[in-house]
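Read the figures in this text as sums done on the coordinates, not as results from a lab. Computed from a prediction, not measured in an experiment: that's the story for all the values here. We place every Cβ from the backbone using ideal geometry, glycine too, and count neighbours over all the protein chains shown.
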Amino acid sequence: MNCCSGCLYSIQLSFRRFKQAASDVFEMLGLWHSTLKVIEGKFGSSILSYFVFLKWLLLFNIFSFIVNFSFITIPQFVDMPLNNLSFSGLELLTGAGYFEKTVLYYGFYTNDTIRKEANLAPYNMQLAYIFTIGLYLSTCFLILLFSMAKSFRKNFINPASFTGNAAKLLCSWDFSINNEKAVKLKKKYLSTQIKETLSEALLKKIKLPTSQKLARLAIHSVTWIISIGLAVGCCAGVYFLCVHVEGSTQNSSLNELTKQAATLLVPVVVSLINLILPLVYAMFGLVEKFKYPHHEIYVVIIRNILLKISIVGILCYYWLQKIAESNLECWESYVGQDIYRLVVIDFLFVLLGSFFGEFLRHIIGTCCCKKLGIPEFDIARNVLDLIYAQTLAWIGIFFSPLLPLIQMIKLFIIFYVKRVSLMMNCIPPRTAWRASQMTTVFIFLLFFPSFAGVLCVIGVIVWRRIPSKTCGPFRNLLSPYESIDNWMDQITFFENAKWVVWIYHNLVESVLFFYILTIIVLIISYLYWQIVQGRRIMVKHLFEQIANEGKDKKFLIQELHKAQKPNSQSIHEDQDMQLVNVALSLPIESRRESTLALIMRARQQADLEEESPPMIRKMPNNIRTMAQPNMAGQQAERDTEHPNYIAEPLGAIKVVTKVNERSLYEKDQPRHNERSSNVMEMVMRARQQAEYEEQ
């Protein structure tokens, strides 16, 4: 049994080591690993959260592109007609012209069953299109839910997130680091983390008076009213601009170049709104003056997300109401072109924002107006740009299956542009603060309202809108969802597929099933929320208990020191009285000569006993007396090594003074002289006897 248990333990240990080594290798091979470490060490966790979120979105779009390209685009290459349109280069901005007859848009895909050879199984493009998009959105939903739950558990539920500052200061160094550059980077990271923690601790101690709190509440209310009013006005302006541009593009008197240029008007105006209004919202922070830096970031993020999602909502309403019910030949491709232009123009404005908002601001702050100083990296504005672009990419995946490829290229370029701009033009945050929970907030904003709104839009398209009759895989159908009903009617006659039909009719089409599923999800969410609250209360009580125990220990130590001081003083006084009695037992003539030496030896013996281990001090008197000669020998060796050693002169002087006073008193008593001489004889005999025994 011992042999088997030892083998199992060695196997488990080897597996753990292999798992740790593999995770380290994958982490080192991860995308932008070293770059993210440098950013974290120099700028802190708040700036790092933006780049981690950007990397996460890039991986998301890579997965989307692989799925769409594999199951939708590649089969279409088998049955792809020729494109006779010419390429002028303007299509890179407008998305029209040559790109209209390519696999980039919905209208190019066929509704026929693709079969390359007679002996191969047919490929139903309608089912492939709707199932690929449906499964992709379901996968995105699960990934977002899992990522949000994982980040929530790491930053809100995990007890490691409540560790004290002592653990960060004393137990956070990685002793396996042997590279000088890595050591410097780790020092910068730990320094920034400690600054963030101390900054939050100092801000929590600040308490504002009631008048100042009411004044700030009034300022916050006014700024919120202004922010909502600006967002509503911008949405109304974008809607009427879209209606006007649609009418101008259908004007037959305008040439083709003018029509394509007119289509860029709406994306440019929307991008200008997304560029200017966040700067206005950031200026509100100069008036509001939030107590905590992360409160200001969260407020700006909420205002920006309301603005951007409102604009996207107005555009979706325009596309699904005005465009889908119009007489356009292929309204799906028209919407796909609009989304393509919004994504491309937004990318150009992000680059211009990095140039004008950070590069020129850096030059002005260092050369022209030094009072402005070097700019900080605007986390809220940059994160909301990413969420806005990803929302457009999700909506456009139905109208343009290859739009994730454009989003991939865009995010890849933005990462390097923002990294260079951050290193060259920006400084670390002036107010250090921790942002370990910001990634959770970013994923939550991406899930709601971004992804939730996308699901609503796709649901309306699939169930409520009539597809174009001359283009796309769902032509001549009342809705894209009708393709699934037709497929179910076809497989009903197969015995092996009846379970699929049963699941479709009893689960997929059942409202009760989704109602029960929603109730279960809400109950689980409520239970997890209660667990979080309970753990927070428990952690708070444990911190209070630890603080109280520390105070109790401090009080007990102080009382122990107070109790030990009188005992030590009484012991020294008893020893001094014994020395006086011994000195008085000597003759008067030799008292003054030998008293000081006797007192010094006795005081050294007392000090030696105090320095002795507690076990010797607790011994009985007879055993301790037997141990004292060894201790006296050790003290003698130390005295020979240090001949200039003098033991506590103040105590010796006190004793000598007492002996001299007693000697003056005894000079007037002749009888006492005889007694002293007898005592002297006894002492001399005792010394001679001791020397004889030693020989």
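Remark: the GLU288-PHE444 segment gains 53.6 nm on full extension, using 0.36 nm per residue and subtracting the alpha carbon distance. For a label point 7 Å from the Cα of GLN321 along Cα→C-beta, name the residues of segment 383-426 whose backbone N is under 11 Å from it. Counting backbone N atoms under 11 Å from the label point, the list is empty. With R₀ fixed at 45 Å, the C-beta to C-beta distance from LEU127 to LEU59 puts the FRET efficiency at about 0.95. Taking a ≥ b ≥ c as the square roots of the Cα gyration tensor eigenvalues, with a/c under 1.5 meaning rounded and otherwise prolate when a/b beats b/c, else oblate, which class fits segment 77-152? Because a/c hits 1.5 or more and a/b fails to exceed b/c, segment 77-152 counts as oblate. With N as its number of residues, segment 53-118 has a Cα radius of gyration that, divided by 2.2 N^0.38 Å, comes to 1.38. In this label model, PHE359 and SER248 are separated by 3.0 nm, measuring between points 7 Å along each Cα→Cβ vector. For segment 74-103, the set of chymotrypsin sites (Phe, Trp or Tyr not before Pro) satisfying both a DSSP loop assignment and a count of at most 11 other C-beta atoms within 10 Å is given as PHE87. Computed from the C-beta positions of VAL78 and ASN548 and an R0 of 51 Å, the FRET efficiency is 0.10 to the nearest 0.05. Between ILE225 and LEU279, the FRET efficiency estimated from the beta carbon spacing at R0 = 22 angstrom works out to 0.70. Loop-located trypsin sites (Lys or Arg not before Pro) in segment 206-250 (DSSP state other than H, G, I, E, B) with a sparse environment of at most 14 neighbouring Cβ atoms within 10 Å: LYS207.
Once you sort the root eigenvalues of the Cα gyration tensor of segment 279-363 as a ≥ b ≥ c, which label holds: rounded (a/c under 1.5), prolate (a/b larger than b/c) or oblate (the other case)? Since a/c reaches 1.5 but b/c is at least a/b, the shape of segment 279-363 is classed as oblate. Here the peptides 467-474, 32-39 are ranked by packing, the mean other Cβ count within 10 Å, and the order with the highest first is 467-474, 32-39.
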